[in-house]
Each structure stands twice: as structure tokens, then as C-alpha cells.
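Notes follow once the structure below has been shown.
The values are calculated or read from the model by the stated rules, or taken from the named source; none is laboratory data. Computed from a predicted structure; not experimentally measured. In this analysis, Cβ positions are derived from the backbone assuming ideal geometry, glycine residues included, and neighbour counts consider all displayed protein chains. Keep in mind that these areas ignore ligands, DNA and RNA; they rest on the heavy atoms of the full protein, side chains included. Shrake-Rupley method; radii C 1.70, N 1.55, O 1.52, S 1.80 Å.
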Amino acid sequence: MLSETATLEEKLAHQAAPEVEFDEMFKPSMDLLASLWKILEKGFCELKRMALRMAFTDPISVSREIGLRTA
């Protein structure tokens, strides 16, 4: 089991990352963020929760002195 894990880790380490241009990824990412914003503005409560979960992977913390914090 450990040798299989080591073999897979080695394969992943030597695997090249896909070469994607910034311009190719910018438009789809902006479209996704725009659709999330539309959901937050007009969506139902369940859709808003789902959009927030997609946008923020960690829970949003609230401080009494500072307010909402995402970092």
C-alpha cells in the first residue's frame, strides 16, 4: 500500500501542469463570478448559501470589533 502511494506521488510530481493562457481562463472566471453575483442579488436562500460555499471555501468569521472577515 505504501509503495503504491509513493509511486502515485512520484507520478504526480513529474506530471506537467497544463499550459493555459491567462486570457483563456479570465473570461470564464469572470462569467462565473458574475453569475454568482446575480444569484446573491436575486436568488433564493438555498441558492445564496450554495453560491457562498462555492466562493469561500473556509467559513466566514465574524468579529464584534471588526465585522465580517474572510481571511
Selection count where residues are among the small types (G, A, S) and modelled with pLDDT under 75, scope segment 56-71: 1
Of all residues in segment 2-28, count the ones that are farther than 30 Å from A55 by Cα and modelled with pLDDT under 75. 1
Over segment 39-51, the set of residues open to solvent by 100 Å² or more (accessible area, probe 1.4 Å) and hydrophobic (A, V, I, L, M, F, W, C) is F44
Can we say M54 is in contact (Cβ under 8 Å) with a residue 12 or more places away in the chain and open to solvent by 80 Å² or more (accessible area, probe 1.4 Å)? yes
Regarding segment 29-38, can at least one residue be identified that is of a type outside the set (K, R), loosely packed, with under 10 Cβ neighbours inside 10 Å and over 14 Å from M54 (Cβ atoms)? no
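Residues in segment 57-71: is at least one open to solvent by less than 90 Å² (accessible area, probe 1.4 Å), assigned to a helix (DSSP H, G or I) and out of contact with any strand residue (DSSP E or B) (no Cβ under 8 Å at 6 or more places or on another chain)? Show your work before the answer.
Quick first cut of segment 57-71, residues open to solvent by less than 90 Å² (accessible area, probe 1.4 Å) only: 60-61, 63, 67.
This time we only want the ones that are assigned to a helix (DSSP H, G or I), so: none.
No, segment 57-71 has no match at all.
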